[in-house]
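Notes to accompany the following structure.
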Amino acid sequence: MHYFINVNTHNDKMNIWVESGDKKITSRIKNRFTLSRNSPGFVLVYGGDGTLLIAERKFPRVPKIFIHKKPPNCHNRKMCYSVKHLSLILDKLSSGDFKIREKPKAEALFRNKKLKAMNEIQIHNKIPYKALRFSLSVGNKKLGRFMGDGLIAATPYGSTAYFSVIGGKPFRNGIKIGFNNIVPTRKPVALGKKTAKVKIIREQAWLISDNDPRIVSLKPGDVVSIRESDEKMRFVELRL
């Protein structure tokens, strides 16, 4: 079970919305906060990484307090907390004893669609037994044509997720593109402030953002632009 808690600091008593959750935790919270669905100042997320991705889509730009349901799965990440610290987290939130940290998001543009990702943007072959042919350029530089399963444009936060599975190493800044089972092989490419353009040459593909089920179908001739988004994800950093 997972739930989101939305905190609004417009009043002397913070407003919190528990979307769906544990009754014991809810009772601990509503004694100190007002339950509300409007204009969250913060979002407290309890669950796994997938829950956090969903919360970011629902509440972009709103600072997140991530309480992992299985703390060992935090993989030594900062700003990932255990539910055993809930009382202390709420104390610090009430007193303003925290910092807001921003991290980059990835963005893909295709026709009139704009996809934003906390972890990664994927372009993946639609039919598993048919290799995708595509070309890639970054800024004014053409990097060539490739054949394989596709590519992943990862954020620093997502660099320990799918990006690492295809051989990428964790990084701290910007957006990097890694390649999924392609020929010719190539090391990940850092975008910096440049825009990457991916053109589908042969076969069909999926354009995917994180775990969003609203995927986009691509066909030969389609071009997708990928860059670092102006929108940032925001986390609450606490000293516990």
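None of the figures in this text is laboratory data; all of them are computed from the coordinates on show. Treat the numbers as computed from the prediction; the structure is a model and nothing was measured. Cβ atoms come from the backbone with ideal geometry, glycine included; neighbour counts cover every protein chain shown.
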Discussion item. Can you compute the modelled spin-label distance between Leu109 and Lys69, with each label point 7 Å from Cα toward Cβ, in nm?
Written reply: 3.7 nm
Worksheet item: Within region 18-131, what percent of beta bridges assigned by DSSP are antiparallel, to the nearest 5?
Response: 45 percent
Discussion item. Under the √(5λ) rule applied to the eigenvalues of the Cα gyration tensor, what semi-axes describe the equivalent ellipsoid of region 170-240? Give them in Å, descending.
Written reply: 27, 17, 13
Fill in: Cα-based equivalent ellipsoid, the chain: semi-axes from gyration tensor eigenvalues, Å
38, 16, 16
Worksheet item: Within the set Lys23/Lys232; Lys130/Lys194; Lys114/Lys199, which residue pairs have Cα atoms separated by over 22 Å?
Response: Lys23/Lys232; Lys130/Lys194
Fill in: Among Thr26, Gln204, Pro40 the positive-end extreme of the charge dipole of the chain (Cβ point charges)
Gln204
Worksheet item: In a shell of Cβ-Cβ distance under 12 Å around Pro63, excluding Pro63 itself, what net charge do Lys and Arg (+1) and Asp and Glu (-1) give?
Response: +4
Worksheet item: What length, rounded to one decimal in nm, is gained on full extension from Val165 through to Ser94, with 0.36 nm per residue of separation minus their alpha-carbon distance?
Response: 21.6 nm
Fill in: Reachable lysines from Lys169, criterion Cα separation under 16 angstrom, eight or more residues apart if same chain
Lys187
Discussion item. To test your reading of the geometry: what angle, between 0 and 90 degrees and rounded to tens, separates the Cα axis of helix 86-95 from the longest principal axis of the chain?
Written reply: 80 degrees
Discussion item. Counting each pair of different Cα atoms once, what's the Kirkwood radius of region 104-231 in Å, rounded to one decimal?
Written reply: 14.1 Å
Worksheet entry | Share, in percent, of DSSP beta bridges within the chain that are antiparallel, nearest 5 | 85 percent
Worksheet item: Roughly how big is region 104-231's charge dipole about its Cα centre, with Cβ charges of +1 (Lys, Arg) and -1 (Asp, Glu), in debye to the nearest 20?
Response: 520 debye
Worksheet item: What does the charge dipole of the chain about its Cα centre add up to, to the nearest 20 debye, if the Cβ of each Lys and Arg holds +1 and the Cβ of each Asp and Glu holds -1?
Response: 480 debye
Worksheet item: Lys92: which lysines have alpha carbons under 19 Å from its alpha carbon, excluding same-chain residues fewer than 8 sequence positions away?
Response: Lys13, Lys30, Lys64, Lys78, Lys84
